[in-house]
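Student: Here it is, the structure in full.
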């Protein structure tokens, strides 16, 4: 965007204003501070129970892999992983579908009462799940969906509606109206326009919403904690917390469990960082 | 430009046939509205009703106590302690965590080589679940110097090991450190996005006029970042008022309420004691506090945003 000579000038002045070396030193210290807890956790996970009783900052040499094989060999870890996957993928699909349709209507169609309906729907931004958890639990109990993955999915989806309809509506509204005119002149129905033209154009926004929803759903502790008693239905965060409670004295084993349950999130983050960041900034800065 | 768009909207609404438009609107909105009405709005209304009863969750609510539950909350020292703790976290976030995020964003800047790498590392804790974060840090805070990193260092330096999470005077500080580790990257991200939106020409002009780095930041960058800062403050306060997961996993609000916040207080009354009427009332007090803050903040502070509705 910038003319070349200006940006070169800018770089040279900036270098005078703030010495780069100092910047790198401070930032590197910060990187170390961020990574220390993670590294110590991994150290611990590769130690024997006895080694856990020595200095925690000593690297585990040679690494002791049995903590990992023990957990990967148990059925419960895989059950939790599967439960989390099923919940997260279903919720994400549902959020994309439900919020996409609603956002399209609010952004592209004109009808009486549109603003009233939109404002009603975005009221949800004021009822975060932490505050609403007891009220929601009572309703889920009334319809008999406690102790079911379906219950978790419904609640997580419902509380994602308001924010994501808003993000997607803002995006859909930014697509030129000429496209819509042309499509209607060519005999396109509103739904065909939505499916054939708007959705492909909106892919960046949809993937941002999807990535963000996945992170929120995957990490959610509160909803499963409140709705689920049965061990077979624990999701990864709930199961990790219960595992810590149960094996709290075997710190090395707990560390291995926590490391394993963090791996999917880290992989996902490294793959979808751009989408997560885009979703968060769109949500926060337009909200 | 503006006009032609308006005209288009008008012609558009007329172009598909009326009936098909109504049908589309209804069908497309239905799923969102059913979910929202049944699982967000209705539960809140129902609990508003239950909050007027002394109700343990079995059978219909019959023991009507009016505003008794609310009165009890406001006179309960444990709730006041939880509210006070939440406010301490708010104050610490605003005075320490946000300035740190802003400083890091300014330091990473717009064109530092390696910018992407720093962003990736700093933001990473945000994607760890609260459970993982909490357990990770419980290990570091382990009071046994042979197992907890912090006490191991203290002993190494010849100092006395601390109780950390077990000490009522230290526990809140420890939790704040954990929350900062997890969330400062998020605020840094907002500031980085805000910095991108400041036209570089303005900074150029200031530099050409002889402004130094500090003047550039205090007189140009910070004022122009005002909207982003106000958004970040808003989200930070709301987040602190609704904190639950990290604290619940690490301390359950203990020792003796020392790290209790509103959400852990509500959870304990609702799902451990099963005082569901009382828990409902706590939820509404929390809602009221968040709402009053939101409305006051949006009215008093965000109104001045001169950069427009964007941020």
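The values are calculated or read from the model by the stated rules, or taken from the named source; none is laboratory data. A quick note: this is a predicted structure, and the numbers were derived from the prediction, not measured. No Cβ is skipped: glycine too gets one built from the backbone with ideal geometry, and neighbour counts run over all protein chains shown.
Student: Would you check which residues across the range A:118-131 are within 7 Å of another protein chain (Cβ to nearest Cβ) and part of a helix (DSSP H, G or I) and list them? Don't jump to the end; show me each part of the working.
Tutor: First, pick out the residues of the range A:118-131 that are within 7 Å of another protein chain (Cβ to nearest Cβ): A:121, A:124, A:126-128, A:130-131.
Within the range A:118-131, A:121, A:124, A:126, A:130, A:131 qualify.
Student: If we keep just the residues of the range B:39-72 that are within 25 Å of the chain's Cα centre (by Cα) and loosely packed, with under 15 Cβ neighbours inside 10 Å, which is farthest from the other protein chains (Cβ to nearest Cβ)? Write out each step before concluding.
Tutor: Filtering the range B:39-72 for residues within 25 Å of the chain's Cα centre (by Cα) gives B:39-45, B:47-48, B:70.
Applying the additional criterion that residues be loosely packed, with under 15 Cβ neighbours inside 10 Å yields B:42, B:45.
Values: B:42: 7, B:45: 8 Å.
In this case the residue turns out to be B:45.
Student: State which residue is nearest to the other protein chains (Cβ to nearest Cβ) when the search covers only the range B:263-294 and only residues that are touching a helix residue (DSSP H, G or I) at 6+ places or on another chain (Cβ under 9 Å) and outside any helix (DSSP H, G or I).
Tutor: This residue is B:275.
Student: Within the bounds of the range A:92-106, is there any residue that is more than 30 Å from residue B:58 (Cβ to Cβ), touching a residue at least 12 places away in the same chain (Cβ under 8 Å), away from every other protein chain (no Cβ under 12 Å) and in contact with a helix residue (DSSP H, G or I) (Cβ under 8 Å, 6 or more places away or on another chain)?
Tutor: Yes.
Student: Condition first: over 24 Å from residue A:217 (Cα atoms), within 9 Å of another protein chain (Cβ to nearest Cβ), within 27 Å of the chain's Cα centre (by Cα) and without any contact (Cβ under 8 Å) to a residue 24 or more places away in the chain. Can you find one or more residues in the range A:45-56 that meet it?
Tutor: Within the range A:45-56, the subset over 24 Å from residue A:217 (Cα atoms) is A:45-56.
Subsequent filtering for residues that are within 9 Å of another protein chain (Cβ to nearest Cβ) retains A:52-56.
Now drop any that are not within 27 Å of the chain's Cα centre (by Cα), which leaves none.
Checking the range A:45-56: not a single residue is over 24 Å from residue A:217 (Cα atoms), within 9 Å of another protein chain (Cβ to nearest Cβ), within 27 Å of the chain's Cα centre (by Cα) and without any contact (Cβ under 8 Å) to a residue 24 or more places away in the chain.
Student: Can I ask one more? Collect the residues in the range A:132-150 that are assigned to a helix (DSSP H, G or I) and within 10 Å of chain B (Cβ to nearest Cβ), keeping them in residue-number order.
Tutor: A:132, A:133, A:134, A:135, A:136, A:137, A:138, A:139, A:140, A:141, A:142
Student: Within the range B:162-177, identify whether any single residue is assigned by TED's automatic domain parsing to the domain that holds residue B:249 and within 30 Å of residue B:214 (Cβ to Cβ), and answer yes or no. Even if it seems obvious, please write down each step before you answer.
Tutor: Of all residues in the range B:162-177, those assigned by TED's automatic domain parsing to the domain that holds residue B:249 come to B:162-177.
Adding the requirement that they be within 30 Å of residue B:214 (Cβ to Cβ) leaves B:176-177.
Scanning the range B:162-177, I find at least one residue that is assigned by TED's automatic domain parsing to the domain that holds residue B:249 and within 30 Å of residue B:214 (Cβ to Cβ), so the answer is yes.
Student: A follow-up question, please. Do we have any residue at all in the range B:218-227 that's within 13 Å of the chain's Cα centre (by Cα) and either facing another protein chain (nearest Cβ under 10 Å) or in contact (Cβ under 8 Å) with a residue 24 or more places away in the chain (or both)? Show your work before the answer.
Tutor: Just the residues of the range B:218-227 that are within 13 Å of the chain's Cα centre (by Cα), to begin with: none.
Within the range B:218-227 (the criterion being within 13 Å of the chain's Cα centre (by Cα) and either facing another protein chain (nearest Cβ under 10 Å) or in contact (Cβ under 8 Å) with a residue 24 or more places away in the chain (or both)), the answer is no, since none of the residues qualifies.
Student: If you don't mind, there's one more thing I want to ask. Looking at (1) closer than 30 Å to residue A:83 by Cα; (2) buried (at least 16 other Cβ atoms within 10 Å of the Cβ), can you tell me which one residue A:203 breaks?
Tutor: Checking residue A:203 against (1) closer than 30 Å to residue A:83 by Cα; (2) buried (at least 16 other Cβ atoms within 10 Å of the Cβ), the one that fails is (2).
Student: Output yes when any residue across the range B:77-91 is at the interface with chain A (Cβ under 8 Å from one of its Cβ atoms), surrounded by 15 or more Cβ atoms within 10 Å (Cβ to Cβ) and within 20 Å of the chain's Cα centre (by Cα), and no when none is. Working first, answer last.
Tutor: Kept after step one, since they are at the interface with chain A (Cβ under 8 Å from one of its Cβ atoms), are these residues of the range B:77-91: none.
No; the residues of the range B:77-91 include none that is at the interface with chain A (Cβ under 8 Å from one of its Cβ atoms), surrounded by 15 or more Cβ atoms within 10 Å (Cβ to Cβ) and within 20 Å of the chain's Cα centre (by Cα).
Student: Can you tell me how many residues within the range B:105-117 are outside any loop (DSSP other than H, G, I, E, B) and either modelled with pLDDT of 95 or more or more than 8 Å from chain A (Cβ to nearest Cβ) (or both)? Step through it out loud before you land on a result.
Tutor: The first filter runs over the range B:105-117 and keeps only residues outside any loop (DSSP other than H, G, I, E, B), leaving B:105-108, B:115-117.
Within this subset, residues satisfying the condition of being either modelled with pLDDT of 95 or more or more than 8 Å from chain A (Cβ to nearest Cβ) (or both) are B:105-106, B:115-117.
Of the residues in that region, 5 qualify.
Student: A follow-up question, please. Quick one: which residue in A:191, A:171 is farther than 22 Å from residue A:132 by Cα and within 11 Å of chain B (Cβ to nearest Cβ)? Lay out the reasoning, then the answer.
Tutor: On the way: A:171 fails: within 11 Å of chain B (Cβ to nearest Cβ).
Only one candidate passes the filter, namely A:191.
Student: Follow-up question, since we're still on this one. The conditions are (1) surrounded by fewer than 17 Cβ atoms within 10 Å (Cβ to Cβ); (2) in a helix (DSSP H, G or I), and residue A:254 fails exactly one of them. Which is it?
Tutor: Every condition holds for residue A:254 apart from (1).
Student: Also: Could you identify the single residue in A:180, A:156 that is within 11 Å of chain B (Cβ to nearest Cβ), at pLDDT below 90, crowded, with 22+ Cβ neighbours inside 10 Å and part of a helix (DSSP H, G or I)?
Tutor: A:180
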